[in-house]
Amino acid sequence: MRNSLERDLDHVLSHTEELWAEVRGERIFMTGGTGFVGTWLTESLLWANRRLSLGVHAVLLTRDPDAFRRRSPHLAEDPAVTLLAGDGPTFPYPDGDFPLVVHAATERHAPPGPACPASTLDRDLAATRRVLELARTHGARRLLFTSSGAVYGRQPASLRHVPEDYPGAPLSTDTASAYGQGKRISEYLCACYSQVYGFDAVIGRLFAFVGPHLPLDANYAVGNFIRDAFGGGPVKIAGDGTPYRSYLYAADLAIWLWTLLIRGQKGTAYNVGSPHEVSIADLARVVVREIAPQAGICIAGRPVTGAPALRYVPSTDRAAALGLHPWIPLEEGIRRTRDWCRVQLLATQLPG
């Protein structure tokens, strides 16, 4: 059966083909391999594996192998993939060496309650330590950790693009900052293990993305807008629409992450995202124009006069030095996401 992502996967391959010689015959261990980021890494890895006869094998850690098999049978049933059932902080170590390790998982938030923020942080750090111990004891040569732009804390309105050496951080007294705090400390742990045990750890600080496999019902503005547009509208903006974001297309994301794993400098953090800013209100307008021109837009809040707009936009100069760019613009990325969603919707309506 033809892969509905064929054009995107060929795009990834065209920008990574020279990298794959360094992956040939290797075993890769990946956490988060069944989430949005990990699915794109798995899709593109298996595509390259088939096209270039790489002979790679990937072990993907997942809490629910059966759910992944139902959602992505073409990945789960590929002979180059083994699904390892387990939880981030406690998963069993598989046999054999893994020269390449990707830690792309983020622990789910703990149930609401007094200990929620601290327990979320504890689980994130326990999962990172578990992966780093695997890297130490299972022959890792290279490790990629997917961190987040949340490590910078709130981006100043005067700073148009936040660089990797910006010294900001989440407020230590903000109990809602467990995600950013966990990513910061995990970066530190990666640096420590890399220095002491000799494998090359590279950090990708992820920002915002659009593309196939993005959950439409999670806390992602562009995913929610696409969901609303497919439902006929209105596209709902919970705030005032003024914050600025930027969106890297998922196929470009895969190119960036594979490049960082193979070519990124040891002990270095790279922003992963687009430098091309867009306000949330304008993002909604693009989604409406490309998916449901008849749909309205409902903005719940009103801008505060004189208040600077919030920003979450990276500097990507460091990634550009590795030849990485946002090749697919936002409008085209939304169109491709729209087309993929339509294929998935049609598939669910077919008999059998």
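The values are calculated or read from the model by the stated rules, or taken from the named source; none is laboratory data. Keep in mind the model is a prediction, meaning the values are calculated, not measured. Don't worry about glycine lacking a Cβ; one is built from the backbone with ideal geometry, like all the others, and counts go over all protein chains shown.
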Taking region 308-352, which residues are at pLDDT below 95, among the small types (Gly, Ala, Ser) and touching a Ser or Thr at 6+ places or on another chain (Cβ under 8 Å)? ALA309
Can you confirm whether GLY153 is closer than 18 Å to LEU121 by Cα, touching a residue at least 12 places away in the same chain (Cβ under 8 Å) and surrounded by 22 or more Cβ atoms within 10 Å (Cβ to Cβ)? no
The lone condition THR305 fails out of (1) closer than 30 Å to LEU144 by Cβ; (2) of a type in the set (S, T, N, Q); (3) assigned to a loop (DSSP other than H, G, I, E, B); (4) at pLDDT below 95 is (1)
Residue count, region 180-207 (criterion: of a type in the set (A, V, I, L, M) and surrounded by 21 or more Cβ atoms within 10 Å (Cβ to Cβ)): 4
Between ILE237, ILE203, which is modelled with pLDDT of 95 or more and either more than 17 Å from the chain's Cα centre (by Cα) or charged (D, E, K, R) (or both)? ILE237
I'm trying to understand the selection: among the residues of region 62-104, which are within 20 Å of ARG123 (Cβ to Cβ), among the hydrophobic types (A, V, I, L, M, F, W, C) and touching a Pro at 6+ places or on another chain (Cβ under 9 Å)? LEU84, ALA85
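Among the residues that make up region 180-192, is at least one of them outside any helix (DSSP H, G or I), touching a strand residue (DSSP E or B) at 6+ places or on another chain (Cβ under 8 Å) and more than 22 Å from ALA284 (Cα to Cα)?
Our first condition is that a residue be outside any helix (DSSP H, G or I); within region 180-192, this holds for none.
So far as region 180-192 goes, no, none of its residues is outside any helix (DSSP H, G or I), touching a strand residue (DSSP E or B) at 6+ places or on another chain (Cβ under 8 Å) and more than 22 Å from ALA284 (Cα to Cα).
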Just the residues that are free of Cβ contacts under 8 Å to residues at least 60 places away in the same chain and not hydrophobic (A, V, I, L, M, F, W, C), please, taken from region 8-32. ASP10, SER14, GLU17, GLU18, ARG24, GLY25
Checked against (1) on the phi < 0 side of the Ramachandran plot; (2) without any contact (Cβ under 8 Å) to a residue 12 or more places away in the chain, SER53 satisfies every condition except (1)
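With ALA105, ALA21, ALA80 as the choices, which residue is surrounded by 19 or more Cβ atoms within 10 Å (Cβ to Cβ), within 30 Å of LEU324 (Cα to Cα) and hydrophobic (A, V, I, L, M, F, W, C)?
Within the list ALA105, ALA21, ALA80, the selection yields ALA105.
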